[in-house]
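None of the figures in this text is laboratory data; all of them are computed from the coordinates on show. Note that this is a predicted model, so its numbers are computed, not measured. Positions of Cβ are backbone-derived with ideal geometry, glycine not excepted, and every protein chain shown enters the neighbour counts.
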Amino acid sequence: MYCGFSSAHAQDRLKKQDSLKKLLAVQQDDTNKVKLLNSLANTYYQTNKDSINYYSSLAVQLAKKRSYRRGEAIGEAHQAAYYRMQGEYTTAVNKLLNSISINEEQHDVGPAANSYLNLAQVCKDMVGDNNTPEYINKGILYSQHAYNLFYSIPDTAGMVGCLNECGILYRDRANLKGQEKYYDSAYAAYIKAVDMIERSGKAKGLVSKLYNNISQVYNEYWKDYKKALEYLFKAEELNKNAHNLSGLSFNYGNISLAYTKLKQPAASLLYARKMLETARLLNRPERLRNAYNSMYFSFADAGRFDSALYYYKQADILDDSLNNVAKTNEVVALQTKFETGKKELEIRRLHTDSLVKNRQIVFLVSALLLFVLLAVCMVLLYYRIRKQRQQIAGQSKKMEVMMKELHHRVKNNLQIVSSLLSLQTYKVRDEEALLVLKESQQRVQAMSFIHQRLYKTESLTAVNMKEYLTNLAESLVSSYGFNRDDFDLRITVEKEMLDIDKALPIGLIINELMTNALKYAYSNIHRPSLNITLIEEDTKLVCTIKDNGTGIDEQQWKQKKNSFGKQLITALCKQLRAQQSLVVNAGTQFTITIPKQVA
């Protein structure tokens, strides 16, 4: 069955494992050892679940010994995956809850969201053939919570994964008596996820899953089996190219079901056998149970009732082992204990928040002073670190960790400033003061986006301007109350990677000009639009911001001497040695031209 697969993928995986093992053998730092052990565990997901358990157990032990909490949380999540593959769902849930507890303690939103999504997947596995409503509902809640966490980061791939899992659980709920309407909810979740992938270009690896799941709605709800097969064969091709055995096991089962419905028993049985063979290679109990069910339906459709009965019994035995009352009670108890602890923490957090909100308006002045101080410290620290980089070239790995931590802390500090400014808005009634607070908060956010990108990417000094400007622009459009679907926002970036020395002032300039447009330009405009371009010419870098608004008064703009925003733009242009120009024609267009030797 797998003769069409290239062995190159397996060879690459073995090479990666050998490389990690060699690094582990000579590594002296325990924190890096934990990272290598967790990386090794991650390479065995498609081939050897026992190795996942072995390396993740070593990682957890060493992380606990060295109080490396993040490494412990990752190891616990890997162990949860192992126990889920074993069908030991109680232990899997316990491991995931422990991982989440550490993530939340460390304020690691992304890993916590992943663990909540994994909890939803465990609930899905526990649903079984009985379609236990309690597990379905808990799984949906976990998926939705994970989606909200990914949305707050934001992480498009994570949101797509949550929509996919939510759709799967909606489909299970639709199989309950009188709940067929949830097929529509499942289909809507899948289509929304596909649209997000097409618009963002991210999470393309999940397309095959979504095609497979969309086919199930056609198979079970709309009874359009030929349309289901169209999606399934596209999903099968993608999974073959990606060497994804788990995905193929789902594809083969659903293809078998479609052929059963089309009264083609030979084709149905062929794909049921493929599913069984794939499930045995994966050695995962829940996949074997589904494969046995597929074999049962195919043999029954072919009139071979002795074989059908055999596989029915095999599926029933395995389902009983995966779902029993004892496991149900244990999981519920664990979830209750965890959720009670979370509520206590939430009560304490709300109490702290209430104390902060009772402060006097003096916090406004304090927050602004803190912002200026932090901004100055940030710039001084950055230039000091950049100057010292050549002196510590031999310690590049440690330097990389330090730089990422710096950007992380700067981003966190800027978020604290942003939060303080936000809190003050609850106390201020003066509209002009409120506007000053909001604009200050947006400037802080513009700088925060820069540092968030730096510590999440391999590059420590260069920023992907397309992603940065997209996040910045969408955040501003939303904050000024515009509906994203009714707003034409187009961003064109030719020079994607830009040094932070230039990215930060350019981002602040665009922030000021966008803010001005969103505040004043779109009065009585039916469909607002805003074009932002950053292109590279022979000797210069050209940035334009054009709206389709009512048009700015050029003379009034030139006479705006006391506007802080105008002064900030002028100062930043001077820093970049840039020229600025203004054209008013069917809207307003600002152009900032930066010499190439500076850019």
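A few notes on this one:
- Spin-label pair K192/Y310, simplified geometry with 7 Å Cα→Cβ offset, distance in nm: 4.6 nm
- Sorting W557, W222 from the fewest to the most surrounding beta carbons within 10 angstrom yields W222, W557.
- Ordering A73, N53, L23 by the projection of their Cα atoms onto the charge dipole of region 1-104, which places +1 on the Cβ of Lys and Arg and -1 on the Cβ of Asp and Glu, puts L23 at the extreme positive end.
- Shown in residue order for region 298-305 are the 3J(HN,Hα) couplings computed by the Karplus curve 6.51 cos²θ - 1.76 cosθ + 1.60 at θ = phi - 60°: 5, 5, 4, 5, 7, x, 9, 6 Hz (x for Gly and Pro).
- Cβ-based exposure ranking for V376, V584, in which fewest neighbours within 10 Å come first: V376, V584
- Phi to ³J(HN,Hα) by Karplus 6.51 cos²θ - 1.76 cosθ + 1.60 over region 213-224, Hz, x for Gly, Pro: 6, 5, 4, 5, 5, 5, 5, 8, 9, 8, 6, 9
- Spacing of the modelled spin labels on N471 and I153, each 7 Å from Cα toward Cβ, amounts to 1.1 nm.
- Selection from L238, Y259, L269, by position along the positive dipole direction of region 213-294 (Cβ): L269
- Spatially, region 19-43 and region 126-163 are offset by 31 Å when compared through their Cα centroids.
- Linear extension gain, I317 paired with Q556, 0.36 nm per residue minus alpha-carbon span: 78.0 nm
- Reported to the nearest whole Å, the Cα centre-to-centre distance from region 200-221 to region 527-579 is 43.
- Amide H contacts of V493 (H built 1.01 Å from N, under 5 Å, at least 5 apart or other chain): L534
- The simple Förster model, with R0 at 56 Å and r as the Cβ-Cβ distance, assigns H526 and Q61 a FRET efficiency of 0.30.
- Inverse of mean 1/r across different Cα pairs in region 462-599, Kirkwood, Å: 15.3 Å
- Neighbour counts of C-beta atoms inside 10 Å place E220, E286, E536 in the sequence E536, E220, E286, starting with the fewest.
- Enclosed volume per residue, in Å³, of the convex hull spanned by Cα atoms of region 467-511: 71 Å³
- Checked against a 19 Å cut-off, the cross-linked pairs K502/K596; K204/K261; K502/K574 give Cα-Cα distances beyond that limit for K204/K261.
- Computed 3J(HN,Hα) for region 235-252, one whole-Hz value per residue from the Karplus formula 6.51 cos²θ - 1.76 cosθ + 1.60 where θ = phi - 60°, is 5, 4, 5, 5, 6, 5, 5, 8, 6, 9, 5, 4, x, 5, 4, 5, 4, 4, glycine and proline marked x.
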